[in-house]
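Asks: Below: one structure in structure tokens.
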Amino acid sequence: MFSLALVMGISVLVVIMIINIIVTVASSGGYGIYIPAAAVAGIGGILVTISAFANIEVIGLGLGGWGGASLFAAAVAFITTSIVETYRHAQA
């Protein structure tokens, strides 16, 4: 179960980072680049909350696992995005 949650978390992280690259290229700056990670963090929190009340499995992983994977991906995406943005603003 842990390995499946880790693979799903990394997959969600890759999708978030691709969306961040597209948003960075399309915009001139601002906080819009943090919106995908914030959305995934919100969805992860909702999934963890739902898993406390219902035992639902999706693709062999419970909603708590999906929520944990989403929260992991959002946390890593927030850290990576903030480091990249700091470097980008230091160059300007």
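Asks: Rounded to the nearest whole Å², what accessible area per residue is found for the chain with the 1.4 Å probe?
Replies: Numbers: 5690 Å² over 92 residues.
Heavy-atom SASA per residue in the chain reads 62 Å².
Asks: Let me ask another. Quick one: which of 11-24, 47-60 comes out on top by average Cβ neighbours within 10 Å, and what's the full order, highest first?
Replies: Top to bottom by mean Cβ count within 10 Å: 11-24, 47-60.
Asks: Go through [x] 1.01; [y] 1.07; [z] 1.42 and flag the label whose value is the computed Rg/Rh (Cα atoms, Kirkwood Rh) for this structure.
Replies: Label of the calculated value: [y].
Asks: Using each residue's phi in the range 28-35, evaluate 6.51 cos²θ - 1.76 cosθ + 1.60 at θ = phi - 60° and report the 3J(HN,Hα) Karplus result to the nearest Hz, with x for Gly and Pro.
Replies: 8, x, x, 9, x, 5, 8, 5
Asks: Give, in nm to one decimal, the length gained when the segment between Ser82 and Ala39 is fully stretched (0.36 nm per residue of separation minus the Cα-Cα distance). Present the calculation step by step, with values, prior to reporting the outcome.
Replies: On the way: separation 43, 0.36 × 43 = 15.48 nm, distance 1.61 nm.
Extra length from Ser82 to Ala39 when fully extended: 13.9 nm.
Asks: Suppose the chain between Val25 and Thr49 were pulled fully straight at 0.36 nm per residue; how much longer would it get relative to their current alpha carbon spacing? Walk me through the numbers before you get to the answer.
Replies: Values: separation 24, 0.36 × 24 = 8.64 nm, distance 3.47 nm.
Stretched out fully, the Val25 to Thr49 stretch lengthens by 5.2 nm.
Asks: In whole angstrom, how far apart do the alpha carbon centroids of the range 1-42 and the range 62-92 sit?
Replies: 7
Asks: Leaving out ligands, DNA and RNA, what percent of the accessible area of the chain is carbon and sulfur, probe 1.4 Å?
Replies: Ligands and nucleic acids excluded, carbon and sulfur reach 77 percent.
The values are calculated or read from the model by the stated rules, or taken from the named source; none is laboratory data. Note that this is a predicted model, so its numbers are computed, not measured. Because the Cβ atoms are built from the backbone with ideal geometry, glycine has one as well, and the counts that use them run over all protein chains shown. Just so you know, the surface numbers come from the protein's heavy atoms only, side chains and all, with ligands and any DNA or RNA stripped out. Shrake-Rupley method; radii C 1.70, N 1.55, O 1.52, S 1.80 Å.
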